[in-house]
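Each remark here refers to the structure printed beneath this line.
The values are calculated or read from the model by the stated rules, or taken from the named source; none is laboratory data. Because the structure is a prediction, the values reported are computed rather than measured. Cβ placement follows ideal geometry from the backbone for every residue including glycine, while neighbour counts extend to all protein chains displayed.
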Amino acid sequence: MKKFFSCDWGTSSFRLKLIEANTLGIIAAETSSCGISQTFELWRQSKQKEESRISFYAGFIRDHIKIIEQKLNTPLDHLSVIISGMASSNIGVLELSYKKLPFAVDGSDLLTKHIKASASFPHDIFLISGACTNDDVMRGEETQLAGCNSTDGKGIYIFPGTHSKHVFTENGFAVDCKTYMTGEFFELLSTKSILSSSVEHGNGLDNDGNLQSFGKGVSDGIQSNLLNSSFRVRTNILFNKHSKQENYYYLSGLLIGAELKELLHSDFPDITVVASREQWTYYEEAFHILRKSGSLAIPSFQNVEEATINGQWMIASPQPPPVEGVGGRLQNNYLVPNLLRL
């Protein structure tokens, strides 16, 4: 197989990339804000029968493949589509059961489903399921974990987002997972609550005032009760302590600090943040502050886009990932399910 499509289909976003298999480099990409949640609503409104559900979702993918074909001026039929994220949920393409933790960090024992190509959708689909503990779940992060350079030692992998995930690994297995509603709380508080009139999006942490406010928020998030400290977003404005832009970053720091403070009591020595460059900027700064309050390891960074592509390849391909390219890892004895035809 020389090329394949990587599809990361989350709750609120859709990302499709044409990938060169030899290097795992991105040839072309298309994104949409029509995530699984919105697609499911469109499916529900269509009132079609359940047996046509896969073809409905495949039609959405096909439309974006056609856009990439037009960009490249070349047909792309018969290339496999590897999908991770919420597409395997009960509102997705096809619901797959969760893999119960522990699971191997290389993804070799995760649950998958092969949906064969058809006349209307001439692409094999390989759907990757999520994983769960007794009281927590993830869909997408298990694939991204497989795409990281995981070690056999004890480690924590942090996946920032709407629902941030902390995945704990030991002896080559993911052994626990915790979800933090960091991004969703920020969205609710900054747009729907009484605090919304006290914040205003600014120009990032490059601004000294924003950086200082973010740092103060992280410190308060570590040391205080969130239900109390979040009201300071309002009093910061009432007492002229911050501008609305600075307050925006104070709230961000407050929530990230609250998310990360449990790590001060963790005995997992290695920490990796799997994120976009923008997300990493915030978490890196937060860890600088967090490390002043305890003996934490300096976290390493893994690009989440690269981890997703590498993880999909490792789970769905009979071949190890290339030495050069995404992830840059080669394991001579690596074995995975023979899902993709060469």
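Only one entry of Leu205, Leu211, Leu238, Leu189 meets the criterion of being within 11 Å of Leu251 (Cβ to Cβ) and among the aliphatic types (A, V, I, L, M), and that entry is Leu189. Quick one: would you say Leu195 is in contact with a helix residue (DSSP H, G or I) (Cβ under 7 Å, 6 or more places away or on another chain), touching a residue at least 60 places away in the same chain (Cβ under 8 Å), in a helix (DSSP H, G or I) and surrounded by fewer than 23 Cβ atoms within 10 Å (Cβ to Cβ)? So Leu195 fails the test. Within segment 1-12, if we keep just the residues that are among the polar types (S, T, N, Q) and modelled with pLDDT under 95, the residue that is nearest to Ser84 (Cα to Cα) turns out to be Thr11.
Every listed requirement among (1) out of contact with any strand residue (DSSP E or B) (no Cβ under 8 Å at 6 or more places or on another chain); (2) not assigned by TED's automatic domain parsing to the domain that holds Leu211 is met by Ser293 save one, (2). Every test in (1) without any contact (Cβ under 8 Å) to a residue 40 or more places away in the chain; (2) of a type outside the set (A, V, I, L, M); (3) within 25 Å of Ala119 (Cα to Cα) is passed by Arg62 save one, and that test is (1). Scanning segment 75-98 for residues that are over 17 Å from Gly311 (Cβ atoms) and buried (at least 19 other Cβ atoms within 10 Å of the Cβ) turns up Leu79, Ser89, Gly92, Val93.
Among residues of segment 204-230 being touching a residue at least 12 places away in the same chain (Cβ under 8 Å) and part of a loop (DSSP other than H, G, I, E, B), the one that is farthest from Arg277 (Cα to Cα) is Ser230. Of the candidates Leu101, Leu72, the single residue that is surrounded by 13 or more Cβ atoms within 10 Å (Cβ to Cβ), of a type outside the set (S, T, N, Q) and either over 23 Å from Gly311 (Cβ atoms) or modelled with pLDDT of 95 or more (or both) is Leu101. Taking the conditions exactly as written (assigned to a helix (DSSP H, G or I) and free of Cβ contacts under 8 Å to residues at least 60 places away in the same chain), does Leu189 satisfy them or not? No: the conditions fail for Leu189.
Here Phe121, Phe173 are screened, and the one residue that is modelled with pLDDT of 95 or more and touching a Pro at 6+ places or on another chain (Cβ under 7 Å) is Phe173. Of the residues making up segment 243-274, those that are polar (S, T, N, Q) and over 19 Å from Thr179 (Cα atoms) number 3. Every condition in (1) surrounded by 19 or more Cβ atoms within 10 Å (Cβ to Cβ); (2) closer than 21 Å to Lys49 by Cα; (3) over 20 Å from the mean Cα position of the chain (by Cα) holds for Ala117 except the one numbered (1).
Screening segment 36-59 for residues that are in contact (Cβ under 8 Å) with a residue 40 or more places away in the chain, surrounded by fewer than 19 Cβ atoms within 10 Å (Cβ to Cβ) and not basic (Lys, Arg) and picking the one that is farthest from Leu110 (Cα to Cα) gives Gly59. Per the conditions (1) outside the structural domain of Leu24 (by TED's automatic domain parsing); (2) surrounded by 14 or more Cβ atoms within 10 Å (Cβ to Cβ); (3) in contact (Cβ under 8 Å) with a residue 40 or more places away in the chain, the sole criterion not satisfied by Leu127 is (1). Can you find a residue that is free of Cβ contacts under 8 Å to residues at least 24 places away in the same chain and more than 14 Å from Tyr283 (Cα to Cα) anywhere in segment 240-251? Yes; the residues of segment 240-251 include at least one that is free of Cβ contacts under 8 Å to residues at least 24 places away in the same chain and more than 14 Å from Tyr283 (Cα to Cα).
Reported count of residues in segment 152-178, each being more than 21 Å from Gln312 (Cβ to Cβ) and surrounded by fewer than 20 Cβ atoms within 10 Å (Cβ to Cβ), is 9.
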